[in-house]
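The values are calculated or read from the model by the stated rules, or taken from the named source; none is laboratory data. Fair warning: this is a prediction, and the values are worked out from it, not measured in the lab. When we count neighbours, we look across all protein chains shown, and the Cβ atoms used for this are built from the backbone with ideal geometry, even at glycine. Heads up: the accessible areas ignore ligands, DNA and RNA and are worked out on the full protein's heavy atoms, side chains in. Shrake-Rupley method; radii C 1.70, N 1.55, O 1.52, S 1.80 Å.
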Amino acid sequence: MENPLTAATGASSDGEPTAEVSPAATASWASGSAGIGEVPEPDAAAAAVEQAAAHRRALALNLPRGSLGKLSEVAAWLAAVQGVSPPRPIARPRAIVLAADHGIADAGLYPWPPGATARRLAAVIAGASPLAVLARRAGVGLRLVDIAVGTTVDGAPVGDDAGTGPSDEEDRRIRTGNGRIDQDDALTVAEAERAFVTGRRLADEEIDAGADLLIPGALGVGADTAAAVVVAALRDHEPIDVVDRGDGADDARWMLRTAAIRDALRRTRPFAPDARSVLRVAGGADLAAIAGVLVQAAIRRTPVIIDGPAACAAALAAERLAPGSRAWWLVGSDCPDPAARHAVEALGLSPLVDLKIRVDDATGAFAAAVLVTAAVETAADLDAAAAEAGGAEADVDAADIT
């Protein structure tokens, strides 16, 4: 019997590649980027003013130029995205964490039993997880959304916006678990569109409520494997380039994971030119929703910290969907996952810190959020110190504005 994963590929009537193994793949996600709108550019003039101010502070306080390193860089970035120098303090940082199961986990890639995603989500709700603890310590409001959890806690939905208000589960939940991407599409065309739109709406809701910094993330077993396939497809990498074994997987499980990525990538490669379809075929509801959050945040001129393989893979796709969005993002932590690193490199971004964190997406971003807040407060406090030292009005040569 012919292996369906080696079936020939062709093209649909509208020009999108198709795979015989996946009838649903013949339909194009035609409206995925329609109506997104133009992505604005951050205010380069505000960044230049902040850079000049940083040099004035250094002169007044007898400090070497660039002595604050990335803290000064972050302050200049915030000035650009806020359009004002000095940048305003971060008042309401918010994390949007999308919880979803991935069918690829059924291939034996992970040591955890069924229901692990729901249990992790329940632990976050109870405050008994690294994600919850770091969010609390960083002062980041945490919004949890069950967008595609397969096995729920005690057979009941864990609910949208857990712990933050009334649930509107019917409006948020896309499906019960993403499809098994080595054998089937993660989502249908309609589900992919709905997930992307859901992400945009979540960003709008948070920004309308006063959020001035967003942190999107994914929570779910299998999200890192989906992310690896998305990055490999968009960047034309081989499975061996993106497979991660840093979680302690033994050789047998590592080989299973590599084979699963290979098979999923074989199904996804025909769609590589279209980031929308890559998210649909290999990403899933969580990654598509994160892409929506990222795009909408850029359109709404709201800074974002990304972290972890799922968010980084979604960011790579989001930049394809809405070029220029990456200017509004900061990479929080240098995730050791190779797919995340490939995505960050392709985006031309650099991590703020290197914490080697491997747990749920957004966890490293919470630690980075503390430094972002510190960058603004440091600039403000040093302004006051420089003024007291009598150097606030020190001349700055144009060559100092870089």
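Filtering segment 328-347 to residues that are out of contact with any helix residue (DSSP H, G or I) (no Cβ under 7 Å at 6 or more places or on another chain) and not acidic (Asp, Glu) leaves Pro336, Arg341. Looking only at segment 118-146, which residues are in a helix (DSSP H, G or I), surrounded by 18 or more Cβ atoms within 10 Å (Cβ to Cβ) and among the basic types (Lys, Arg)? The answer is Arg120, and nothing else. Checked against (1) modelled with pLDDT of 95 or more; (2) closer than 22 Å to Gly283 by Cα, Arg358 meets all criteria but (1).
The rows are residues; the columns are (1) open to solvent by less than 60 Å² (accessible area, probe 1.4 Å); (2) among the hydrophobic types (A, V, I, L, M, F, W, C).
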| residue | (1), (2) |
| --- | --- |
| Ala228 | yes, yes |
| Ala233 | yes, yes |
| Asp236 | no, no |
| Ile240 | no, yes |
| Arg245 | no, no |
| Ala260 | yes, yes |
| Arg267 | yes, no |
| Asp274 | yes, no |
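Among the residues of segment 80-117, just one is surrounded by fewer than 24 Cβ atoms within 10 Å (Cβ to Cβ), hydroxyl-bearing (Ser, Thr, Tyr) and closer than 30 Å to Val229 by Cα, namely Tyr110. From Arg320, Arg341, grab the single residue that is free of Cβ contacts under 8 Å to residues at least 60 places away in the same chain and of a type outside the set (Gly, Ala, Ser). Only one candidate passes the filter, namely Arg341. Selection of segment 195-215 for residues being part of a helix (DSSP H, G or I) and surrounded by fewer than 20 Cβ atoms within 10 Å (Cβ to Cβ) yields Val197, Arg201, Asp204, Glu205, Ile207, Asp208. For segment 326-337, state whether one or more residues are in a loop (DSSP other than H, G, I, E, B), of a type in the set (A, V, I, L, M), over 12 Å from the mean Cα position of the chain (by Cα) and surrounded by fewer than 24 Cβ atoms within 10 Å (Cβ to Cβ). No, segment 326-337 contains no residue that is in a loop (DSSP other than H, G, I, E, B), of a type in the set (A, V, I, L, M), over 12 Å from the mean Cα position of the chain (by Cα) and surrounded by fewer than 24 Cβ atoms within 10 Å (Cβ to Cβ). Of all residues in segment 171-197, those that are over 16 Å from Asp101 (Cα atoms) have Cβ atoms under 7 Å from Cβ atoms of residues that are modelled with pLDDT under 95 and assigned to a loop (DSSP other than H, G, I, E, B), 6 or more apart or on another chain, in Val189/Ala27; Val189/Trp29; Glu193/Trp29; Glu193/Ser31; Glu193/Gly32; Phe196/Gly32. Determine if segment 296-318 includes at least one residue that is buried (at least 24 other Cβ atoms within 10 Å of the Cβ), of a type in the set (S, T, N, Q) and at pLDDT 95 or above. Yes - at least one qualifying residue is present in segment 296-318.
Residues in segment 257-284 that are under 22 Å from Arg175 (Cα atoms) and touching a strand residue (DSSP E or B) at 6+ places or on another chain (Cβ under 7 Å): Arg267, Gly284. Cβ-Cβ contacts under 6 Å between residues 6 or more apart (or on different chains), taken from a first residue in segment 74-100 that is within 30 Å of Asp146 (Cβ to Cβ) and touching a residue at least 40 places away in the same chain (Cβ under 8 Å) to a second residue that is basic (Lys, Arg) and not in a loop (DSSP other than H, G, I, E, B), are listed as Ile96/Arg143.
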